[in-house]
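The values are calculated or read from the model by the stated rules, or taken from the named source; none is laboratory data. All of these numbers come straight from a predicted model, not from anything done at the bench. Because the Cβ atoms are built from the backbone with ideal geometry, glycine has one as well, and the counts that use them run over all protein chains shown. Note: areas computed on protein heavy atoms with side chains; ligands, DNA, RNA excluded. Shrake-Rupley method; radii C 1.70, N 1.55, O 1.52, S 1.80 Å.
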Amino acid sequence: MQKWKRFAFGFVLATLGLTGLATAEDYTSLPRKETLIVENPEGTIKNPGWFNIWVNGGGGVSTGLQQLTMDTLWYIDPEQGLGGAAWDNSLAADKPQYNADFTEMTVKLRKGLYWSDGVEFTADDVVYTVKTQMDHPGMVWSAAFSVQVASVEATDPQTVVFKLKKPNSRFHAIFTVRWNGAWIMPKHVFEKVEDPLRYDFANPVSLGAYKLKAYDPQGKWYTWEKRDDWQRTSLARFGEPAPKYVTYTDPGPPDKRTIAQLEHNLDIIHDNTPEGMFTLKEKSKTIETWFPGFPFAHPDPTLPAVIFNTQEAPFDNADVRWALALLIDIKAVDMASYRGAATLSALGVPPTAATMKDYQAPMQDWLKDFEIDTGKSKIKPYDPTVGQQIADILRKQPKFKDQIPTDPEAISGAFGYGWWKPNPKAAGELLEKAGFKKSGGKWLTPDGQPFKIRMTVEGDTRSVFTRAGTLIAQQWASFGIDAKAVPAAKLWQTALQPGDFQVAIAWSVETWGGDPDLSFFLDSWHSQFVAKKGEVQPPRNWQRWSNPELDKIIESIRGISADDPKGMELGKDYLKLVAREMPTIPLMSYNVFTSMDTTYWTGYPTIKDPYTDPVPNWANSRLMMVKLKPAQSQ
Amino acid sequence: MTPYLIFVLKRFGQFLLVVFLGVTITFFVTHLTPIDPVEESIGAITQMGQSDPNAIELMRQSLRELYGMQGSIWQQYLHFWLRLATGDLGPSLSAFPTPVSTIILRSLPWTIGLMTVSTLITFVLGNAIGALAGYYRKDMVLKAVSLVFIAMLPIPYYILAFVLLIVFGFIWPVLPINGGYEMNANLDLSFALVLDILKHSILPALSLILVGAGSWLIGMRALVSNIITDDYVVFAELGGVPKGKILRSYIARNAMVPQFTGLAMSLGAIFNGTVITEIVFGYPGIGNLLIEAVHAGDYSLVLGLSALSIVGVAAAVFIIDVLSPLIDPRIKVE
C-alpha cells in the first residue's frame, strides 16, 4: 500500500512539474524568531535558478542576491549610512585615488575577506571581473568597461590600477552601489566555466555575509542563511548580522501584502499603495514607517516630474513651459495622487534627507527672491508655505490629525518646503509672450491652431502618477487648453526613449541620495548625448533638452573630483538654471510606502535613525542586517 | 498505393502547410510589435545604474548580435526556420540564454494538468447530463439542470472567473485565489501538498467547467434525441430491456463517436492554455508565460508557445482525420 501511495504522489507531482520541488526546504519551517521575511518587489521570478547577475538572464536581482551575497568596492547610501558617512569603503580599503588628470584610478583593497567557499578575495577577482566582461559583449557591465578601460592590472594582491581611455573623475561610480553596482565576480568559479554568458551560477558563491539556503523552483521565494564565517566579510566591520535567515518572497498584490503583515507573516513590505499604508497604520500596533506619521513613506532619490519633449514645438519655448507650471495647483495634485502623503520639490533634485540639507534648505532664500518676466510684469512665483498648507489640510481630517507634525522643520522634511503658486494671469501673459492667443475661451498656438497637449501616463502600472498626470491635464484643460491624459504601456520604451510624446509624467533625475554630487544623472544631460529628433535617446535626458550653460556646468563637474566642495556650488548653478528654463516641472519625491513589522525584529531605519534606505530591494539594505535586533527572547 | 494511404499523405501535407503558415504569420506579427527585446534588456541594465550613453549604444549593438536580431527580417526568418528544423526553439530573449524549451517546460505541466482535468470533467459532466436529459425528456430536475448549464454557456469564461473569485475569495473566502499552490507550502511529497495543489486548481477549473459543460450537453442531448427514434432503440424498449441499459449500451455508445472527435480537438487545444483564467487566478501556466513574453517583446518565447499551440491543434485534427475512417464504418475513403 505504501508503495502504491508513493507512486500515486509521485505521479501527481510529476504531472504538475513539481518533482524538482520535492527536495526544496520550505522557509516556513525555519524558526520564525531567527528569520526576517521581506517582500521582493520583482514578484515571481521567471527564471528562478539563474544567479548570474553579470548577465541579464531574467533571474531575480532583488531576491537577496544583490543585497546579501554580492559586494563591490564602494557604497553610497541614499541616507546617512553607518560608520558616520553615506560613503562606505566596502571591498576597497580607501576612497579611489586618481592621478592629476583623472586618467588613472588606483584601488587599495581590504585584506582578510573571503568567498563563502573559503577562497580569499584578492585583486585578481577585480581584474578578472573587468577583463571577463570586456571580453564578453552582452554581459551587464561589459560595454561600460569597454568604453572606459584601457587596461587593468593587479600590482599586488591588494592593489588594482585602472588606466582609462580618457579622463573621467567619476569612473569609480561604476563600482559604487547606489542600489546596484558592478559586482565582483569569483574568479576561481568563473575561470572554470566555458562561457560566462551562458553559465547560470547555480549554487552561487557569496562574498556577502549570507549564502543561498533554498529557493522555490517556481520563483516565489528565496532564503539566505548567515555564513558561519560572516566575520570574513566586509559587513562585519559594523557588527554581526542578526537574522540567521532572510527570506525574500512574492506576497502577491497589495491587499495580500497588507493582510500578511497584519498577521505578522511579512516583516517588510517593500512598497504599498497609500491606501494600504493607511490601513496598516490604522489596524496594526506593530508597524513602523519611515516617518512616524504622515506621509509615512520613504522619499526615493528620484524626482517624478512633468517632462516636456523640448524637441517638439511649442515645448521648446521656456515661456510655454513656465506658463504650464503656473497652471498647476500642486496641493490638488498631491491630494489626488498620494492622498497628501508626498514630499514636494520645486527644485530639480529629489527631496531626500541629504538634499534637503544640501540644496533645498540653503536655496529657500533664492527661491523666494526668484523672478520671472511674463512680458507684461515681473512676478515672484514661489510660495514657501505650500508644505505648511498641505499639513494644515491634512490636520483637519480626523483620521490623520494626530499624525501630522506641527514643528515647521518637521513639516518641511515631511511635505517639502514650498512650490509654485497657481497664477493663471501670469500664465496667460507668458503664452501671449510666446505668440499664443485666446479665442472663444480656447488658446490657439502662434499659427492659429488649437493648443493641444497629450499627457502620456503609465496607466495601471503606476497609478499614483497616472492620477497626478490626469489631474494636471484637467487643470490645463480648464484654462482653455485642449489637454488630455493618454495611457501608454511601457512608457519608457514606447514613448520616452524614441521621443514619441509631447508631455509625460516620469523622472529623468536620479541622484545618489545621500551625497550632493549630481553627476550620477547630470553627466548624461550633456548636449553631446541628445539624440536627433526621431532617434532613440540614451538615458536619462528624456526631455532632450540642451543648453550651453548646462554643458559648461557639466564640464566643470567632470573636471573636479566627486568630493570637491565646488561640486555643490555647481549643483546649485544647475538648479537655478533649470528653475529658470523649466525643461521639466519637478513635482515630488517618489515616495515608497515601506512598512516594517516590529513583532519579530526591531531596529529598522527611520527618519529618527536614518542609517539606510529602508526600501529592501536596494543593495544598501544589507546594513539593516547588522542593526536589527530580535524583538523576542530566543 | 491504397486510397487510405493517399488520403493520409494528403492530410499530412495539409498538416505541414497549416503549421508552416501558422508559424510564419506568428513570426511576422511578433516582429511587427513596437516592443523591442533589446530595448527591454537595456532598460533593465540602465536600472542597474548605468547611464553612460556611449556604453549604452555599445550594449545595444552587442545585444542585437547576441539575440540574433541583426540583418533583415527575412534573414531572421530564414535563420529561425533553420534553427527550428533542428528542434531548437532558441534562447529566451527576456531570460537569455535560458532555452525557450526549458522555460516552457516549467510552465507547461501546470496548464496541461489544469486543462486536461477540467476538459475531461467538462466532457464527462456535459455528456452525462446531455444523455440523461435527451433520454428522460420529461424529467423536471434534468430540465432545470440543463437550463442552468445552457444559461451559462454565453457567459465568457473570464467573467465567470471574476465572479468565482469575488464569491469564493472575498465574500465567502474558502478557496485560494492566487497561484498553483500555497506560497509557504511544504514541498515534500505529501497528501497535504497534493490537496493544496488541487485546492488551488478548483476555482480556475470551475470557471472552465461551468461554462464548457453546456456545449457538450447541448450536443449530446441533440444526438440522443435523434437516436431514441431509431428502430433498434424502439425494439429494445418494446422488448423490455432495462432503461439504464438502453441508455448506456444502445444510445450513449453510439452518440459518443462524434463527441470523442470533439474531445480530441479540445485536448489538442490544451496547448493554447487559458490565458485569462491563468492571469485572473495567478496560475503558473503557459497563459501567464505568454503574456509576460508579449510584454517583454520576447519573440523567441512567443514563437515557441505559438508553435506548440499550432502544432498541438493541427496534430489533433490530423490524428482525428486519419483515425476516423478506421473507427467509424460510416466514413469511407475513396
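Computed from point charges on the beta carbon alone (+1 for Lys and Arg, -1 for Asp and Glu), the dipole magnitude for chain B about its Cα centre is near 1420 Debye. At a threshold of 30 Å², the residues of the stretch A:31-62 that become less accessible to a 1.4 Å probe in the full protein assembly than in their chain on its own are A:Lys46, A:Asn47, A:Asn56. Run the paramagnetic zone check for A:Lys163: 7 angstrom along Cα to Cβ, then residues of the stretch A:97-111 with backbone nitrogen under 11 Å. Those under the cut-off are A:104. Note on the stretch A:283-380: with charges restricted to the Cβ of Lys and Arg (+1) and Asp and Glu (-1), its dipole about the Cα centre is near 460 debye.
Where the centroid of each part is defined by its Cα atoms, how far is the stretch A:97-166 from the stretch A:568-587 in Å? Answer, in whole Å: 35. Computed per residue of the protein assembly as shown from DSSP H runs no shorter than four, each worth -39500 (n - 2.57), the mean residue ellipticity at 222 nm is -13000 deg cm²/dmol. With the convex hull drawn around the C-alpha atoms of the protein assembly as shown, the volume per residue stands at 222 Å³.
For the stretch B:100-327, taking Cα atoms only, Rg and Dmax work out to 20.4, 67 Å respectively. The stretch A:415-482 and the stretch B:121-168 have Cα centres lying 54 Å from one another. Between B:Asp298, B:Asp52, B:Asp230, where does the largest GNM mean-square fluctuation fall for chain B, given springs only between Cα atoms within less than 10 Å? Looking only at B:Asp298, B:Asp52, B:Asp230, the biggest GNM fluctuation is shown by B:Asp52. For chain B, a Gaussian network of Cα nodes joined below 10 Å ranks B:Ile291, B:Ile166, B:Ile218 by mean-square fluctuation, and the top entry is B:Ile166. Listed by chain and number, the lysines placed with their C-alpha closer than 24 angstrom to that of A:Lys33 are A:Lys211, A:Lys213, A:Lys220, A:Lys226, A:Lys244, A:Lys256, A:Lys281, A:Lys283, A:Lys285, A:Lys627, A:Lys629; residues fewer than eight positions away on the same chain are left out. Using only the alpha-carbon atoms, how far is helix B:140-152 inclined from the longest principal axis of chain B? Give it as 0 to 90 degrees, nearest 10. Roughly 20 degrees, rounded to the nearest 10.
Summing charges over neighbours of A:Pro422, with a neighbour being any other residue whose Cβ is under 15 Å away from its Cβ, gives 0 when K and R count +1 and D and E count -1.
Kindly report the accessible area of the stretch B:205-334 per residue (heavy atoms of protein chains, probe 1.4 Å, no ligands, DNA or RNA), in Å². Kindly include the intermediate steps, with their values, before the conclusion.
Working: 5850 Å² over 130 residues.
With all protein chains present, the stretch B:205-334 gives 45 Å² per residue.
Between B and A, roughly 5100 Å² of accessible area is buried in total, ligands, DNA and RNA not counted and the probe set to 1.4 Å.
Partners of A:Lys131 within straight-line reach, counting lysines whose Cα lies under 20 Å from its Cα and excluding those fewer than 8 residues away in the same chain: A:Lys108, A:Lys163, A:Lys165, A:Lys166, A:Lys187, A:Lys192. Among B:Val8, A:Phe465, A:Gln66, which residue has its Cα furthest toward the positive end of the charge dipole of the protein assembly as shown, with +1 on Lys/Arg Cβ and -1 on Asp/Glu Cβ? Towards the positive end, the residue furthest out is B:Val8. Here's the picture: charge each Lys and Arg Cβ at +1 and each Asp and Glu Cβ at -1 in the protein assembly as shown, and of B:Tyr158, A:Gly435, B:Thr102 the one pushed furthest to the positive end of that dipole is B:Tyr158.
Note on chain A: with neighbouring protein chains present and a 1.4 Å probe, carbon and sulfur make up 51 percent of its accessible heavy-atom surface. When all alpha-carbon pairs of the stretch A:232-333 are counted, what percent fall beyond 16 Å? Here the long-distance tail beyond 16 Å is 73 percent of all Cα pairs in the stretch A:232-333. Counting only DSSP beta bridges whose two residues both lie in chain A, roughly 75 percent are antiparallel. Normalised radius of gyration (Cα atoms, divided by 2.2 N^0.38 Å) for the stretch A:547-634: 1.65. Farthest towards the positive end of the charge dipole of the stretch A:215-288, among the residues A:Trp230, A:Ala260, A:Pro274, is the Cα of A:Trp230, using unit charges on the Cβ of Lys, Arg, Asp and Glu.
Taking only protein heavy atoms into account and a 1.4 Å probe, give the accessible area per residue of the stretch A:385-521 in Å².
Working: 5810 Å² over 137 residues.
Dividing the accessible area of the stretch A:385-521 by its residue count gives 42 Å².
Across the protein chains, with a 1.4 Å probe defining accessible surface, the residues A:Arg462, B:Arg60 rank A:Arg462, B:Arg60 from largest area downward. Close Lys pairs in chain B (alpha-carbon distance under 21 Å; sequence gap of 8 or more, or different chains): 4.
Of the residues making up the stretch A:132-152, those losing 40 Å² or more of accessible area when the isolated chain is joined by the remaining protein chains, with a 1.4 Å probe, are A:Gly138, A:Val140, A:Ala143, A:Val147. Over the stretch B:75-175, accessible surface divided per residue gives 51 Å², non-protein components excluded, 1.4 Å probe.
Rg and Dmax, both from the Cα atoms of the stretch A:570-617 and both in Å, are 17.2, 50.
Report the trypsin sites (Lys or Arg not before Pro) located in the stretch A:45-137 that are in a DSSP loop and have at most 14 other Cβ atoms inside 10 Å of their Cβ, or state none.
On the way: sites: A:Lys46, A:Lys108, A:Arg110, A:Lys111, A:Lys131; in loops: A:Lys46, A:Arg110, A:Lys111.
Counting only loop positions with at most 14 other Cβ atoms within 10 Å, the trypsin sites (Lys or Arg not before Pro) in the stretch A:45-137 are A:Lys111.
Note on chain B: with a GNM built from Cα contacts shorter than 10 Å, the maximum mean-square fluctuation among B:Thr26, B:Thr111, B:Thr86 falls on B:Thr86. Using a probe radius of 1.4 angstrom, the carbon and sulfur fraction of the accessible surface of chain B is 71%.
Which value, in debye to the nearest 20, describes the size of the charge dipole of the protein assembly as shown about its Cα centre when Lys and Arg Cβ atoms bear +1, Asp and Glu Cβ atoms bear -1, and nothing else is charged? Intermediate results must be reported in sequence, preceding the final value.
Working: 87 positive and 95 negative charges, 532 e Å.
The calculation lands at about 2560 debye.
Loop-located GluC sites (Glu not before Pro) in the stretch A:189-236 (DSSP state not H, G, I, E or B) with no more than 14 neighbouring Cβ atoms inside 10 Å: A:Glu191, A:Glu194.
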